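Right, one structure below, let's go through it.
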Amino acid sequence: MTLLAHVHVLVHLAALASVAALLFRDQIKLRAVLLVSIALALANNYDGSDAPDWEDLFWNAVLFTINLVVLAQLVLDRTHIGLSAEERRLFDAFGLLTPGEFRALARLASWHDAAGGEVLTHEGKAPDALFYVLTGGVSIEKGGRTIPYGPGTFIGEIAFLQRGPASATVRLAAGSRYVAWPTAGLDRRIEGRQDLRHAVTRLISHDMALKVGRA
């Protein structure tokens, strides 16, 4: 086979790969096959006789890079790659989020260890964050009553949903591990992402249902 014929084969293979990519509904498979098509198109630029078509080479390289970045994002959205052990524990505790949704929330989160008697919310006062207690003890003070509560729960969720004051004062036992999302930052993050807004609403609704069941 001559070199020119070899180049022509690459043209056809690149075109066939592009057609094949369009047959996939799954975005990961589509992007992966499209990368193969672009790589073949890049290889076709070197025919061994003339200088490469630099304009064509440049734009194919741009397309390859963009598709590679998007493919990496799609893989991260569906896998637990890169999550720390503690983040994986929180992800498992939530149970209702995709890895991609969780990563979007995790980027805003700050992790804390509570001192004894640390107050997360004050009854009648709007909190500046949404909290999730991962481990430790919780004490809920409302209307002069004190109710002990366990970990694995959101704190300040009603105030976050209603944009109002906290319905109770919540204290943590010493050594409790909790996560905080600043209200303003969380609002900005979910403002333009309906999928993330719905995910947060699902999480909070599920947590409230569990609280009602415990009560």
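Every number in this text was worked out from the coordinates using simple rules, so none of it is lab data. These numbers come from a predicted model, not from an experiment. Ideal geometry is used to build each Cβ from the backbone, glycine not excepted, and the neighbour counts take in all protein chains shown.
Points worth noting:
- Square roots of 5 times each gyration tensor eigenvalue, C-alpha, the stretch 3-78, largest first, Å: 26, 15, 7
- Crossing angle, helix 3-21 versus the chain [Cα axis fit, 0-90 degrees, rounded to tens]: 30 degrees
- Sequence-distant residues sharing a close amide H with residue 126 (under 5 Å, placed H): 166
- Nonlocal amide H pairs with residue 155, under 5 Å, H built at 1.01 Å: 131, 132, 133
- Relative contact order (percent, whole number), the stretch 62-215, Cα cutoff 8 Å, 6+ residue spacing: 26 percent
- Proximal aspartates and glutamates relative to residue 29, as straight alpha-carbon distance under 15 Å, when same-chain residues fewer than 8 apart are discounted: 77
- Sequentially through the stretch 117-130, phi angles give Karplus couplings (6.51, -1.76, 1.60; θ = phi - 60°) of x, 4, 9, 8, 9, 10, 4, x, 10, 5, x, 9, 8, 9 Hz, Gly and Pro residues having no value and appearing as x.
- Remark: the stretch 83-90, residue by residue, has Karplus-estimated 3J(HN,Hα) of 7, 6, 4, 6, 5, 5, 5, 5 Hz, where x stands for each Gly or Pro and the curve is 6.51 cos²θ - 1.76 cosθ + 1.60 at θ = phi - 60°.
- Fluctuation leader among 61, 199, 104 - the chain, Gaussian network, Cα springs under 10 angstrom: 61
- Over the stretch 171-215 - Rg/Rh using Cα atoms and the Kirkwood inverse-distance radius: 1.08
- Local electrostatic count, residue 126, Cβ distance below 14 Å [Lys/Arg +1, Asp/Glu -1]: -2
- Per residue, the convex hull around the alpha carbon atoms of the stretch 85-214 comes to 100 Å³.
- Crossing angle, helix 54-78 versus the chain [Cα axis fit, 0-90 degrees, rounded to tens]: 30 degrees
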